[in-house]
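Worksheet: the structure to be examined is printed underneath.
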Amino acid sequence: MIVQADIQLSPDSLLPSQQFTLGGGSSVRGYRENIRSADNGFRFSVENRFTLRQDENFEPVLQLAPFVDVGAVWNHPDNPNILPEETFLGSIGLGILWQPFPALDLGLYYAEPFVDVGDRTNNLQDEGFHFRVNYRL
C-alpha cells in the first residue's frame, strides 16, 4: 500500500509559481494538471497494488492499482485573487502498471472525480486518464 500526503501552509500571499497546486497524474488524478492553485493546500492519496503477473524472480510485471486521491486549496486572506467555487477535489480510480523489462515502467490510470469542476475541457486529462512512462538508465 502506498500512502502519500503533501501540505503547504503560508503566512503570506504567494506568487503563482509558489502556490500549491492540485490536479494531474502526480496529484489528484481525474483532473487536468494544476487545475487548482492557491497559497495553501493539502493532498492525500492511498493506492494499493495487486500483482497479476510476476517474472521468474517473482518481481511484479503487471499490477492493478486502485486508488483514492483528495485535496483542497485556499488563499491567504490578503490575496486578492478569487478562487473558483470548487476548491476541494477528490477522485477514485484504477491504474494498470506494466513493466515490460526491468528499466521501463508504464502506467495508465483512470479516475472518476468526486467533484465536477466547471472549467473542464475535452482532453484526456479532463476525461480522467493519465499516462506515465519511467525509464531508468
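Tabulated data
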read-out: Of the GluC sites (Glu not before Pro) in the stretch 20-64, those whose Cβ has at most 11 other Cβ within 10 Å and which sit in DSSP loop; value: E56
read-out: Estimated FRET transfer efficiency (F44, E85; beta-carbon r; R0 22 Å; 0.05); value: 0.55
read-out: Span from the the stretch 1-52 Cα centroid across to the the stretch 102-129 one, whole angstrom; value: 14
read-out: Distance in nm between pseudo-label sites at R53 and Q18 (7 Å out along the Cβ direction from Cα); value: 4.9
read-out: In Hz, Karplus ³J(HN,Hα) per residue of the stretch 3-11 (6.51, -1.76, 1.60; θ = phi - 60°; x = Gly, Pro); value: 10, 10, 8, 9, 8, 9, 10, 10, x
read-out: V61-E112 FRET efficiency (beta carbon distance; Förster radius 22 Å; 0.05 resolution); value: 0.25
read-out: Sum of side-chain charges, G25 neighbourhood, beta-carbon under 9 Å (Lys, Arg +1; Asp, Glu -1); value: +1
read-out: Dipole magnitude (debye, nearest 20) for the stretch 2-135, charges at Cβ of Lys, Arg, Asp, Glu; value: 200
read-out: Sites matching trypsin sites (Lys or Arg not before Pro) across the stretch 53-137 that sit in DSSP coil, with at most 10 neighbouring C-beta atoms within 10 Å; value: R136
read-out: Value of relative contact order over the chain, rounded to a whole percent, pairs C-alpha under 8 Å and six or more apart; value: 24
read-out: For S10, S91, order by how many other beta-carbon atoms lie within 10 Å, fewest first; value: S10, S91
read-out: Net charge over other residues, Cβ less than 13 angstrom from the Cβ of N81 (K, R count +1; D, E count -1); value: -1
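Bear in mind these aren't lab numbers, they're just calculated from the coordinates by the rules spelled out. None of these values were measured; they are calculated from a predicted model. Quick reminder, even Gly has a Cβ in these numbers, built from the backbone with ideal geometry, and neighbours come from all protein chains shown.
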